[in-house]
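Taken together, the values in this text are just the output of simple stated rules run on the coordinates, not laboratory data. The structure presented is a predicted model; accordingly, all values stated were derived computationally and were not measured. For neighbour counting, all protein chains shown are included, and Cβ atoms are generated from backbone atoms with ideal geometry for every residue, glycine included.
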Amino acid sequence: MRTAWLVISEDAEFNYGSDRGVVSVSRGGWLYKSDEDDFGVINPEKKHEGHVEAGPVAEVGQVGWRRRFERKAIFLTFLPPVLTFLALLSFGLSSQPDAKWIPGALTGLEMALLFAGVGSVLWMRRKGWSLKAAISAGIRIALEFQLAAEMLRKKGSSSFPHMTLWRAAQMDAHFSDESVSSDGITS
């Protein structure tokens, strides 16, 4: 996950530092931040080939997307049986002479629920609910496992906990035979 800002200036430059130099940034590109001190540039022609926009940081981080997505998925899961039940109930009551209005009302309710389901799916896809839910869940998991990386002496991050895990995964773990006891526990 990265935080990115759209470059709107025609003649922007980004200074990577004394060891890497200065690069020009095209209008429409992104300036990104993927760690507390890791910035970079993403070319406007290539930005959507390797990256997906999830939305503003405040929107992704402050809304309970996983919970919201799960609730909508439960609604959509139970929608077909409910629609089937309403259709069968409407069909069964259609032969009752004193309940002529009930089948029409049930059919209207069925159509309203069907349109609500279709509208929900389209809205969820348009707003990227599944991506936002996955990002939220990933951040939560990374925060939980960040403690293990910090125990390996890697600097933690509240904004980019996944980078703490990435840095820890890049470590070369060398254990000497003296540090491993006969039961396999390191000292």
Under a 10 Å cutoff between Cα atoms, tell me which one of ALA169, ALA148, ALA73 has the largest fluctuation in the Gaussian network model of the chain.
ALA169
I want to check the label-to-label distance for SER24 and THR84. Put each point 7 Å from Cα in the C-beta direction and report it in nm to one decimal.
6.3 nm
Length-normalised contact order of segment 3-53, Cα under 8 Å, at least 6 apart, in percent, tallies to 32 percent
Would you mind getting me the FRET efficiency between TYR16 and VAL57? Use the beta-carbon distance for r and R0 = 30 Å, nearest 0.05.
0.85
My understanding is that a pair violates if its Cα-Cα distance is over 28 Å; which of LYS47/LYS72; LYS127/LYS154; LYS33/LYS132; LYS47/LYS132; LYS132/LYS155; LYS33/LYS154 do that in this structure?
LYS47/LYS72; LYS127/LYS154
Once you order the gyration tensor axes a ≥ b ≥ c over the Cα atoms, which shape class does segment 56-145 get: rounded for a/c under 1.5, otherwise prolate or oblate by comparing a/b with b/c?
prolate
Say R0 is 22 Å: what FRET efficiency, to the nearest 0.05, do ARG153 and GLU36 get from their beta-carbon distance?
0.85
Between LEU31, ILE8, VAL41, whose Cα lies farthest towards the positive end of the dipole of segment 3-53 when Lys and Arg beta carbons carry +1 and Asp and Glu beta carbons carry -1, centred on the Cα centre?
ILE8
Let me make sure I get this right: for the chain, a, b and c are the square roots of the gyration tensor eigenvalues over alpha carbons, sorted descending. Under 1.5 in a/c it's rounded, otherwise prolate if a/b > b/c, else oblate. Which is it?
oblate
With the cut-off at 1.5 for a/c, could you classify segment 3-53 from its C-alpha gyration tensor as rounded, prolate or oblate?
oblate
For VAL25, which sequence-distant residues (separation of 5 or more, or a different chain) have an amide H within less than 5 Å of its own amide H, given hydrogens modelled in the peptide plane?
ALA12, GLU13, PHE14
